[in-house]
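A short write-up of the structure that comes next.
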Amino acid sequence: MKKILQGIFVLVLLFITSVSWAQNKSVTGKVIDEKGEAISNASVLVKGTQAGVSTNAKGEFSISAASSAQFIIVSSVGYQSKQVAITNVALVVVLTEASNKLDEVVVIGYGTASKRDLTGSIVKIAGKDIADKPNTNPVASLQSKVAGLSVINNGTPGSAPDIRIRGTNSLGGDIHPLYVVDGIFNDNIDYLNPSDIESIEVLKDPSSLAIFGVRGANGVIAVTTKRGKTGKNVITVNTSYGFKKLVDKIAWADASLFKTLYDEEKTNDGTILSSPFDYSKWTANTDWVDAVTRVGKFNSNNISLSNSTEANKFYLSIGNITDEGIIKHQKLNKILISI
């Protein structure tokens, strides 16, 4: 009797095991990168479960999944995770490098720093937000875009605006920020064409300025110019045209009103009868504000050509800017060529 019960127990155990295996399926495959090289220690997980394995030195894996499982998720450090459908044949999973990892690092000067350490100290402005403003100087377009940055423009065409980052600092004997264009120190960026700028970073925090030493005491404005991008030839044409005029002009007294006001003054002090003013020599009625101002015209034209291969990058830009001031005889006309 005891032997009979043992035999029945073995049969039941074999039945349960066979049913369990019938409900699972084996998924095999290999994980490689874009160059075809095997990726070891990559994580392979059945979607919706905790079942997972790692690839061996050859990038191969084998994992048991339920018959209802449809996808596996493959991931590895430095690569983008990928969801792959389960098939009856061995899988070949190609992982691509995770370019978005670069967002975790911020380049400052000649070094890098964790982005979490620079919260609030670096502000980035896209080049399109600079190029679409009718300003001949790129810095003038930063007005009201960065907290703690004061930009005071003046009406002289082409002149650099007055810049202050977090107030005035007397350290170093200078009050202007340091300009860094593609890694090169500059005193100003008047020579740059706004259409050639890829982005502008404003560095304000002392921790992010330490790499520049005393020259960065008043803040740093880092400029990245455009470069050729891989693909077909790209031709870009930008043009703008506009007007500017004096607004909120002070109301001046004309000759007739001046005579009335001056007579009232002399009446009030009692001298109008004893010494009346002779207006015969004062007959002109010129509005000197209108005489020296005008409606200024602004025109900007730019054309650029860019291309890139694995070995070379090419970018050529030619621009012309004409800017008339609201004061007569003030005019800026400059041609910019960037290679």
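Here Lys35 is the anchor, and the lysines within straight C-alpha reach of less than 20 Å, apart from those fewer than 8 places off in the same chain, are Lys58, Lys82, Lys101.
Going by amide H atoms built from the backbone, whose H comes under 5 Å of the H on Gly325, apart from near neighbours? Here the answer is Gln330, Lys331, Leu332, since their amide H atoms fall under 5 Å of that of Gly325. With all protein chains kept in place, the per residue accessible area of the range 278-318 amounts to 70 square angstrom at a probe of 1.4 angstrom.
Could you let me know the centre-to-centre spacing of the range 213-282 and the range 60-82, using Cα atoms, in angstrom? What the calculation gives is 68 Å, centre to centre. If the segment from Ala160 to Leu305 were pulled out straight at 0.36 nm per residue, it would be longer than the present Cα-Cα gap by 49.4 nm.
Derived scalar couplings between HN and Hα for the range 262-272 equal 5, 5, 5, 5, 5, 5, 5, 8, x, 10, 5 Hz in order, rounded to whole Hz, by the Karplus curve 6.51 cos²θ - 1.76 cosθ + 1.60 (θ = phi - 60°), x for Gly and Pro. Sorted on the mean count of surrounding Cβ atoms within 10 Å across their residues, most packed first, peptides 86-92, 284-290 read 86-92, 284-290. Which of Lys145/Lys249; Lys124/Lys145; Lys226/Lys297; Lys133/Lys328; Lys204/Lys229; Lys128/Lys226 have a Cα-Cα distance over 21 Å? In this structure, Lys145/Lys249; Lys226/Lys297; Lys133/Lys328; Lys204/Lys229 lie more than 21 Å apart at Cα. Here the range 230-283 exposes an accessible surface that is 60 percent carbon and sulfur, computed with a 1.4 Å probe and the other protein chains kept in place. Sequence-ordered 3J(HN,Hα) estimates for the range 212-217 from the Karplus curve with 6.51, -1.76 and 1.60 and θ = phi - 60° stand at 8, x, 5, 5, x, 5 Hz, glycine and proline given as x. Across the range 64-87, the residues whose backbone nitrogen lies under 16 Å from the label position 7 Å along the beta-carbon direction of Thr49 are 64-74, 84-87. Of the peptides 40-49, 325-334, 220-229, the ranking by mean beta-carbon count within 10 Å, highest at the top, reads 220-229, 40-49, 325-334. Only the Cβ atoms of Lys and Arg (+1) and of Asp and Glu (-1) were treated as charged; on that basis the dipole of the range 231-339 about its Cα centre amounts to roughly 840 debye. With the simple model of a label 7 Å out from the Cα in the direction of the Cβ, Ile175 to Thr286 spans 3.5 nm. Taking 0.36 nm per residue of separation and subtracting the current Cα-Cα distance, fully stretching the chain between Ala38 and Val247 would add 68.3 nm. In this simple spin-label model, placing a label point 7 Å from the Cα along the Cα-to-Cβ direction at both Ala98 and Thr267 gives a separation of 8.6 nm.
The values are calculated or read from the model by the stated rules, or taken from the named source; none is laboratory data. Worth saying up front: this structure is predicted, and the values here are computed from it rather than measured. Counting neighbours? That spans all protein chains shown, and the Cβs are built from the backbone with ideal geometry, glycine included. Remember, those area values only see protein heavy atoms, side chains included, never the ligands or the DNA or RNA. Shrake-Rupley method; radii C 1.70, N 1.55, O 1.52, S 1.80 Å.
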